[in-house]
1. Being over 16 Å from the mean Cα position of the chain (by Cα), assigned to a loop (DSSP other than H, G, I, E, B), touching a residue at least 24 places away in the same chain (Cβ under 8 Å) and surrounded by fewer than 19 Cβ atoms within 10 Å (Cβ to Cβ) is the filter here; which residues of region 110-142 pass it?
2. Considering only residues that are surrounded by fewer than 20 Cβ atoms within 10 Å (Cβ to Cβ) and under 24 Å from Gln65 (Cβ atoms), which ones fall in region 153-175?
3. Quick check on region 65-113: of everything there that is of a type in the set (A, V, I, L, M) and touching an Asp or Glu at 6+ places or on another chain (Cβ under 9 Å), which residue is farthest from Ile45 (Cα to Cα)?
4. Could you list, in sequence order, all residues of region 61-75 that are touching a strand residue (DSSP E or B) at 6+ places or on another chain (Cβ under 9 Å) and not acidic (Asp, Glu)?
5. Given the structure, is Asp64 under 14 Å from Thr197 (Cβ atoms), surrounded by fewer than 16 Cβ atoms within 10 Å (Cβ to Cβ) and modelled with pLDDT of 95 or more?
6. Kindly indicate whether Thr197 is modelled with pLDDT under 95 and of a type outside the set (Lys, Arg).
7. Give me the pairs, please: first residue somewhere in region 148-162 and within 13 Å of Phe179 (Cβ to Cβ) and modelled with pLDDT of 95 or more, second residue anywhere and of a type in the set (Ser, Thr, Tyr) and part of a loop (DSSP other than H, G, I, E, B), beta-carbon distance under 7 Å, and either six or more positions apart or on two chains.
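The values are calculated or read from the model by the stated rules, or taken from the named source; none is laboratory data. Everything numeric here is computed off the predicted structure, so don't read it as measured data. Here the Cβ positions follow ideal geometry from the backbone for every residue, glycine too, while neighbour counts run over all protein chains shown.
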Amino acid sequence: MKSKLKRFEINASRENVIEPGKEIYFEIKGNWNKTYFKNTHPLTIELACGRGEYSVGMARTFPDQNFVGVDVKGDRLWKGSTWAFEEGLKNVGFLRTQIVHIESFFEENEADQIWLTFPDPRPRKRDIKRRLTSPRFLDMFKKILKAEGWFRFKTDNTGLFNYTLEEINQRSDIRDVAFTFDLYNSDLRAECYDIQTRYEAIFTAAGEKIKYLKFRFSK
């Protein structure tokens, strides 16, 4: 408990963590590049970022792009915040909020790209609406994503992946779909840059196939 509280204190003092209690938390919508990053570089959002391995890895790989990792767990965000702070990465920040509130923090067409990495699969039927690839969430993501922007999704969970494929096949506003049930033996592997989250490394080591999907919305 003490270590968690200490992490919360550090988050409160860091500029790369945007969370309740900070003035910028209520002003950031539509102003990520102008107010926070202070440039006009492309903006990528990582949803359910956990400890932020993907956001930080992408920030290292693409110094001329901006990245925002989103998660509700402050002690997880502390880890990504610390990596970015220690490496002097100024092109990555972390937003603490529930993803259901994502439209309160990003303006329409503000994001150039969205990654959804290893979210909770919510396997119970009563939790279907809470799945981050359910219709209501996809509608949110469509609003904040630019017309040519890619939505990219990685998971180890076959049930969630099949559910997502079924959902996008039922929609009339999805285009340019590409997917694989075995990322590391796919031509799509290169566009994931072999950046692994903690969970991805664990699942891969256990022999689980990583599933990957990308598409764009028609606007």
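1. Correct list: Pro123 only.
2. Arg175
3. So, considering only residues that are of a type in the set (A, V, I, L, M) and touching an Asp or Glu at 6+ places or on another chain (Cβ under 9 Å), the one farthest from Ile45 (Cα to Cα) is Leu77.
4. Phe62, Gln65, Asn66, Phe67, Val68, Gly69, Val70, Val72, Lys73, Gly74
5. no
6. yes
7. Once the first residue is within 13 Å of Phe179 (Cβ to Cβ) and modelled with pLDDT of 95 or more and sits in region 148-162, its partners that are of a type in the set (Ser, Thr, Tyr) and part of a loop (DSSP other than H, G, I, E, B) give Phe153/Thr133.
Results for (1) within 19 Å of Phe85 (Cβ to Cβ); (2) crowded, with 21+ Cβ neighbours inside 10 Å, shown as yes or no for each residue.
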{"site": "Glu15", "(1), (2)": "yes, no"}
{"site": "Ile18", "(1), (2)": "yes, yes"}
{"site": "Lys22", "(1), (2)": "yes, no"}
{"site": "Lys34", "(1), (2)": "no, no"}
{"site": "Pro42", "(1), (2)": "no, no"}
{"site": "Ile45", "(1), (2)": "no, yes"}
{"site": "Gly52", "(1), (2)": "yes, yes"}
